[in-house]
1. Taking the mean number of other Cβ atoms within 10 Å as a proxy for protection, how do you rank 104-114, 222-232, 569-579 from highest to lowest?
2. Could I have the simple spin-label model distance between residue 169 and residue 369, label points 7 Å from Cα toward Cβ, reported in nm to one decimal?
3. Of all alpha-carbon pairs in the stretch 86-127, indicate the percentage at a distance above 13 angstrom.
4. Restricting to the chain, compute how many DSSP beta bridges are antiparallel as a %, nearest 5.
5. Ordered by packing density, taken as the mean number of other Cβ atoms within 10 Å over each peptide's residues, highest first, how do 55-65, 151-161, 75-85 rank?
6. Taking Rh as the Kirkwood radius, which is the inverse of the mean 1/r over Cα pairs, what is the Rg/Rh value for the stretch 3-249?
7. Kirkwood-based Rg over Rh for the stretch 376-508 (C-alpha set), two decimals?
8. Need the full-extension length gain, residue 382 to residue 334, defined as separation in residues times 0.36 nm minus the C-alpha distance. One decimal, nm.
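Coordinate-derived values only; no laboratory data. Remember, it's a predicted structure, so these values are computed and weren't measured experimentally. Here the Cβ is made from the backbone with ideal geometry for all residues, glycine too, and neighbour counts use every protein chain on show.
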């Protein structure tokens, strides 16, 4: 949820930066700051925890200078404090940086700095970036060399913006992965940059976004862009159409495609400010359950419909593994009519991206009126009916509008929200403590980067869409945490390509579905290296014995599986609890390319509505 703004040109930078931060307010934040360089290299860094008004009130005299960078932060590493707010500077104040994303290997980099005699003064992962750059400058590198070297060392999806006091006329900016964007804006004798297009539109409509793996040197006189290998990239800004739909869709053909590709950022936005590594813990600002209520829980029930129910099925694993509570997941429309046994010791978690799904709302009303059980809504819409039914106790997904009818980014964000809730409950109950809690939080922090890497396999998914678009049936198989993802993949296929598909637990295959398998029924097997990998291998061999085409989604480097199947789609190695975030991506992309290959209306499939408000 962090916001970035930068300016170099003929105006005083301070007011431009503060105005830009105001326009990024909608992203939410817990601290803010600006850094302004004067022409003689004098650096002013001003930052405050709390709302932007507190930063503005602390500035009695705007700093001099016509170049600067600004930031709004959601805490992930370290507490909400002035010292942990951005911008961050190197220990010799030669380098100043603002940063979006998560430096996944910050512990190793901080240890490397310590061995070199550099002490970090904040608790953040971000500070390693300016400190490493400052170290490399002292070792003789120029700023471009130091910047590029650090980009090659940090892991994860990140956006980095930096200035050097010795060059008070240039801003360096980079984008690594899809978890955070940078857009460059061209003015008359001035340049702007921001994490979001709306922050630039008051000043210019001539823009160019940085792509993954690109970095830029921005000055009032001109801009150069290079890739990570140092090769020049053309700077060709384009005039943006101010039509709201065109701006929202950006360079993508469909909203669904856009929403699939922005999932690393959606995950980052959902996690940021809620999960913290140092000290390890989870805080959920809108969940009103007291610690005593949490300690009294003996059971969790998750309800939802469609994609939300599949996310809830993954959430069931998280509740049992991380919170230590027996958990069920139920279809909300069936739950309403089966006279379930509930009480005040059962937490009901309602998952609904719109917050207006009629069956889920009906189920929540029963829970409230008949059993008085505590309730939490997982929803993308603040102030929705679901949040009100939960008496305001909610985890908001922070995904922004999801225009495509077939949910994608709200699926992965819903899984992340339930992971966070499970960690919070486990933390309060004492089930998840110490190294176990730290590992759980750090694993979730890797999810945006894992998803970003999985998105790189879109060409293989396009190939699957091409070879399967004329068939009539597809079987999706998964075990454990992958079974709900198999169901979600099959649902996506049905929703937008109109191909009949079923998602099954692979162990159930021999109890019926195996009778359908032949060379005309491709099987998509979700087979990451997890505790059920060997059993999944056996199921794949049973499918192959029936001459089916097998498309396997497996862990990168699994050469045995790759050589045995017809198409192998690799995903990054990761903690088994995080693997559903990775395997969901090929499932979504395959459905998308099946649909586009068949000429279907991807964003508005027939007979479907984004929000189901009737039974």
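1. 569-579, 104-114, 222-232
2. Once both label points are built, they end up 7.2 nm from each other.
3. Counting every Cα pair in the stretch 86-127, those more than 13 Å apart make up 55 percent.
4. Values: 63 of 99 bridges.
If we restrict to bridges inside the chain, about 65 percent are antiparallel.
5. Top of the packing list down: 151-161, 75-85, 55-65.
6. So for the stretch 3-249, dividing Rg by the Kirkwood Rh gives 0.94.
7. 1.02
8. Separation in residues times 0.36 nm, less the Cα-Cα distance, equals 14.7 nm.
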